[in-house]
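Enquirer: The following block contains the structure, expressed as structure tokens.
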Amino acid sequence: MNCFSGSPPSGLLDSELLQYLRGNDEHSEHHITLLQRAETCLKDPTAEAADRMDVAGRIERWRYQTLNEWRDEPVPGQERLIDSLDRWTCWLHRIDREMPRSLRHHLTSVSSDDDTWRAAIDGRMAMPELCEAAEEKTRQLFSVSLPDQPNATKRRMLLYAPLYVSSHCVNHCVYCGFKYDMDIQRTHLDIDDVMVQADILLENGFQHQLLVAGDFPRLTTTSYFCDLVQGMRDRGLEISIEIASQSSDSYRAMADAGATGLTLYQETYDPEVYRSVHPRGPKQSYDWRLEAPERAAEMGFSRIGIGVLLGLADPVSDVQMMIRHATYLKHQFPHLRLALSLPRLHETPDGYQVKHPVDDEQLIRFYAACRLAIPDVELVLSTREPAALRDRLAKICITQMSAGSSTTPGGYQSDGCKQDDADPDGQFPVTDQRSVHQVRDWLCKENFDVRWRFA
């Protein structure tokens, strides 16, 4: 995270902004007082960090409330307020960023798109040509030399495991097995239980583990995740998190505890579809989720994974938007390690029908197009997909794979990682039922260099 060391900003609390607030904000006096507190914190070098962070958090929440209103019914001057609040938050967090967040504009701009990858996505490029190009790019950038054979190389493949810690969730995502009104057995692991699961995974080789949880604020608190991360770091593990979108303060705390990676999928970049499939709960806020990877990167996360859930909306549009999102993050944070993933909807809760099914050939096309669009990006594939398709994609462009996965809290057993074929309490069915050892053995046979951690 880059820290600002110069003078506080000037002109943010100007007469035009004050006039706008007094004329359009029913809570204007409260909000003006909040900005005055922020100005005091910025001008006083002795101001307590806790006070500064408290004000920053309040302004951040105000900004996202305004963004939600702007999405519903844009008001003249509202977008300027949104950008002004972003600058206030930026300065209070001492982040070196001159311009306000511009992701929502970048997503709709086609000027920076490369026609090669657009042709790959929309079908104009023939599959044999596309797969050959993607395989060559992957070989060039993700091969490692062998110590005893300097002229020989192997393709690198990271194996990781998801560690589910809580299936409680307050959201009503219509496609999810953890949604609030699903009749499943809910489980929330305490710290000791999580460490048992982490140790089982470590015994099976996994040194990079992904903490996954539903969104249940009473249980899945910042301190809960910080304690989990710290305990796992004490075991020498690399930790990524895949949890609900967090505030800047929460991301800072988790990064300080030792989390280095964030996985957070937008699900769909179509705001109308997003709203329809997230009818209730905190996840309903499109922009809160959209900008979460950027908040995490600003707070110190060094690896960010984004993606779309194929099947919710027009897949061509969603993949294009995801690539634009990734290029935006790459420009904002040049040293960030980026990953892209394209999970597909297969089985869904009763009452929800997949509107835009994606077949195997389309999935391969989309992954290969991602490799051409951003050659050095990590491409991730989970056990949602069948073994034969995973093997095929691994040879073309995938660089990270889960293996032997369970999508149920407490699902790993001390006698091995292989799980039941169909756990009714899991978030989604695991289709590739091979054990981690079977996946590893296949990769080694195919001349991959299997890695268990990044560093």
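Per-residue answers, yes or no, for (1) under 27 Å from Asp318 (Cα atoms); (2) surrounded by fewer than 20 Cβ atoms within 10 Å (Cβ to Cβ):
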| residue | (1), (2) |
| --- | --- |
| Arg101 | yes, no |
| His106 | yes, yes |
| Asp114 | yes, yes |
| Glu129 | yes, yes |
| Arg156 | no, yes |
| His172 | yes, yes |
| Gln185 | no, yes |
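Enquirer: Follow-up. Are any of the residues in segment 174-181 touching a strand residue (DSSP E or B) at 6+ places or on another chain (Cβ under 9 Å), crowded, with 16+ Cβ neighbours inside 10 Å and assigned to a strand (DSSP E or B)?
Expert: no
Enquirer: Filter segment 347-362 for residues that are free of Cβ contacts under 8 Å to residues at least 60 places away in the same chain and more than 18 Å from Val316 (Cα to Cα); which is surrounded by the most Cβ atoms within 10 Å (Cβ to Cβ)?
Expert: Gln353
Enquirer: Search segment 56-76 for residues being hydrophobic (A, V, I, L, M, F, W, C) and touching a residue at least 24 places away in the same chain (Cβ under 8 Å), and hand back the single one that is surrounded by the most Cβ atoms within 10 Å (Cβ to Cβ).
Expert: Among those residues, the one meeting the criterion is Leu67.
Enquirer: Here are the criteria: (1) under 24 Å from Arg324 (Cα atoms); (2) surrounded by 13 or more Cβ atoms within 10 Å (Cβ to Cβ). Tell me which single one Val110 does not satisfy.
Expert: (2)
Enquirer: Follow-up question, since we're still on this one. Of all residues in segment 329-372, count the ones that are out of contact with any Ser or Thr (no Cβ under 8 Å at 6 or more places or on another chain), assigned to a helix (DSSP H, G or I) and within 20 Å of His106 (Cα to Cα).
Expert: 6
Enquirer: Okay, moving on. For segment 384-410, name all the residues that are among the β-branched types (Val, Ile, Thr) and modelled with pLDDT of 95 or more.
Expert: Ile396, Ile398, Thr399
Enquirer: Taking the options Asp432, Asp421, name whichever one is part of a loop (DSSP other than H, G, I, E, B), over 26 Å from Ile374 (Cβ atoms) and modelled with pLDDT under 95.
Expert: Going through Asp432, Asp421 in turn, just one is part of a loop (DSSP other than H, G, I, E, B), over 26 Å from Ile374 (Cβ atoms) and modelled with pLDDT under 95: Asp421.
Enquirer: With crowded, with 17+ Cβ neighbours inside 10 Å, closer than 21 Å to Leu103 by Cβ and in contact (Cβ under 8 Å) with a residue 40 or more places away in the chain as the only criterion, which of Tyr367, Tyr328 stands out?
Expert: Tyr328
Enquirer: Only one residue in Arg344, Arg390 is crowded, with 17+ Cβ neighbours inside 10 Å and closer than 26 Å to Asn447 by Cα, so which one is that?
Expert: Arg390
Enquirer: Residue by residue through segment 132-154, note down the ones that are within 21 Å of Arg365 (Cβ to Cβ), surrounded by fewer than 18 Cβ atoms within 10 Å (Cβ to Cβ) and of a type in the set (A, V, I, L, M, F, W, C).
Expert: Matches in segment 132-154: Leu141 only.
Enquirer: Ok, one more. If you scan segment 152-173, which residues turn out to be within 24 Å of Val277 (Cα to Cα) and either assigned to a loop (DSSP other than H, G, I, E, B) or over 23 Å from the mean Cα position of the chain (by Cα) (or both)?
Expert: Within segment 152-173, Ser167, His168, Cys169, Val170, Asn171, His172, Cys173 meet the criteria.
Enquirer: Looking at Ala257, Ala198, which one is in contact with a strand residue (DSSP E or B) (Cβ under 7 Å, 6 or more places away or on another chain) and free of Cβ contacts under 8 Å to residues at least 60 places away in the same chain?
Expert: It is Ala198.
Enquirer: Can you find, within segment 192-215, the residue that is surrounded by the most Cβ atoms within 10 Å (Cβ to Cβ) among those that are closer than 26 Å to Tyr180 by Cα and of a type in the set (Val, Ile, Thr)?
Expert: Going through the qualifying residues, I end up with Val194.
The values are calculated or read from the model by the stated rules, or taken from the named source; none is laboratory data. Here the structure is a predicted model, which means the values were calculated and not measured. Please note: Cβ atoms are built from the backbone with ideal geometry, for glycine as well, and neighbour counts cover all protein chains shown.
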